[in-house]
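Notes for the one structure printed next.
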Amino acid sequence: MDNLRGRWGLEAAEEGSDPAVWPDARQELLLKAGLFDGDDAVRAWREWKADAERHPLDPRSAQILPLVHHNLRDRAAHDSSIAALRPRYLLTWARNQKLFEVLRRTLLKLHDSGIDTLVFKGAALVPLYYGDEGARSMGDFDVLVPEERFAEAARLLGTAGWTALYWDPDRFDTRFQHAIGFVDDDGNSVDVHCHLLMASCAPGADQAFWGSSVPLTIRGMETRSLCATDHLLQACVHGMIWVKSAPLRWVADAVTVSGSAPAGVDWERLVRVCREREVSLHVAEPLEYLGRTFGLPVPAEVLRRLRESASGTERRLFRAWTGSRRGRPIPLFLHHWFMYTRGLEKAGAIEHVQAIPEYLRFWAQTDRLWK
């Protein structure tokens, strides 16, 4: 099996270029300190901090420090370096309290209009799997609504004082993008999703996720969340999308969900949904990495079936999305091609041609194509 680091650029990240989707060696130590048990976690922490003064703390690693404190705080009385993490942990706890209250009000607004909601990522993982509101940092919260109610949900947030980022809700097309980010006057952020995955925006793409969702109560508000298998799938797929400062939380989320799910992971369902949504390689590669590096018990047969089901298109998409597209016209073109064709996966040839102007107007955010 080819080495992931060489294929997808981890060495380049370690040499000081833009971060890769994969953690570097020091970040892996920090994650192990937050995720491993007993002496294994302590050894990883001691190895990480042994030369911490020679390595400036990067923002990606800083997000993991509250988890390290959560995991090792019983040893804080005998280790001042662990005790020193408590203020960062408490700050994360306080920020999350604020976000959960904002989420409660947002859910209330949507529910009062009869819009169903499904909360995922940090705001759902904290109560369901982490069990500690200071252990997992959150920059925002994510809410999935039915795609047919998405435009209404976006308008409701606008009337409630939220400002849309990057996308105009009136020009949004749910076939070609998965979410709109909103920010309020206090700097709080919410991503409202019409689709769970950026890689899968076709009409009806989220039926399987809604169908297997589970109840979740947040600050007295009843909502839904993903089942454990779908949380793992989402963490892997989301983690394989390159951004300038790619979070490491996808690793912690995947390992935590896999180890804490009461009924475990339904591997058969995982393979089936990955095939349906054409994200098999986006899940196989991180699962193989998590098994090798963090001991995640992934059946070899699952990895084999996922890899065998990945089409050539999926492989090109994986390469395009796990690296930077800045200044690279071919990956940028592939990104737009994938978003266009996947949004129209159930459409005929004529509709594919007719939708080209609609796609261009959507991405240009204008009603005039010539602009």
Test result for residue 93, over 25 Å from the mean Cα position of the chain (by Cα) and under 26 Å from residue 129 (Cβ atoms): no
Confirm whether residue 90 is over 27 Å from residue 236 (Cβ atoms), open to solvent by 50 Å² or more (accessible area, probe 1.4 Å) and in contact with a strand residue (DSSP E or B) (Cβ under 9 Å, 6 or more places away or on another chain). no
Just one listed residue, out of 205, 179, is under 17 Å from residue 238 (Cβ atoms), touching a residue at least 60 places away in the same chain (Cβ under 8 Å) and among the hydrophobic types (A, V, I, L, M, F, W, C), and it is 205
Quick check on region 86-98. Is at least one of its residues touching a Ser or Thr at 6+ places or on another chain (Cβ under 6 Å) and either small (Gly, Ala, Ser) or within 27 Å of residue 149 (Cβ to Cβ) (or both)? no
Members of region 184-206 that are among the polar types (S, T, N, Q) and touching a strand residue (DSSP E or B) at 6+ places or on another chain (Cβ under 9 Å): 188, 189
If we keep only residues of region 130-150 that are in a helix (DSSP H, G or I) and open to solvent by 10 Å² or more (accessible area, probe 1.4 Å), then the residue nearest to residue 73 (Cα to Cα) is 130
Give 164, 160, 154 a once-over and let me know the one that is modelled with pLDDT of 95 or more, open to solvent by 30 Å² or more (accessible area, probe 1.4 Å) and more than 30 Å from residue 266 (Cα to Cα). 164
Applying the selection to region 319-371, what residues are touching a residue at least 60 places away in the same chain (Cβ under 8 Å) and of a type in the set (Val, Ile, Thr)? 322, 366
Filter the helices (runs of 4 or more DSSP H) completely within region 1-81 down to those with at least 3 residues that are buried (at least 17 other Cβ atoms within 10 Å of the Cβ), modelled with pLDDT of 90 or more and not charged (D, E, K, R). 25-35, 38-50, 65-72
Test result for residue 63, in contact with a helix residue (DSSP H, G or I) (Cβ under 7 Å, 6 or more places away or on another chain) and under 19 Å from residue 138 (Cβ atoms): yes
In region 336-354, the residues that are closer than 15 Å to residue 278 by Cα and open to solvent by less than 50 Å² (accessible area, probe 1.4 Å): 338, 339, 340, 341, 342, 343, 344
Residue match in region 115-129 (condition: of a type in the set (Phe, Trp, Tyr), open to solvent by 10 Å² or more (accessible area, probe 1.4 Å) and farther than 15 Å from residue 221 by Cβ): yes
Please enumerate the residues belonging to region 330-351 that are within 12 Å of residue 201 (Cβ to Cβ) and not in a loop (DSSP other than H, G, I, E, B). 338, 339, 340, 341, 342, 343
Subset of region 105-149 [basic (Lys, Arg), over 30 Å from residue 31 (Cα atoms) and touching a helix residue (DSSP H, G or I) at 6+ places or on another chain (Cβ under 7 Å)]: 109
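The values are calculated or read from the model by the stated rules, or taken from the named source; none is laboratory data. The structure displayed is predicted, hence computed values, not measured ones. Because the Cβ atoms are built from the backbone with ideal geometry, glycine has one as well, and the counts that use them run over all protein chains shown. These area figures cover heavy atoms from the full protein model, side chains too; ligands, DNA and RNA do not enter into them. Shrake-Rupley method; radii C 1.70, N 1.55, O 1.52, S 1.80 Å.
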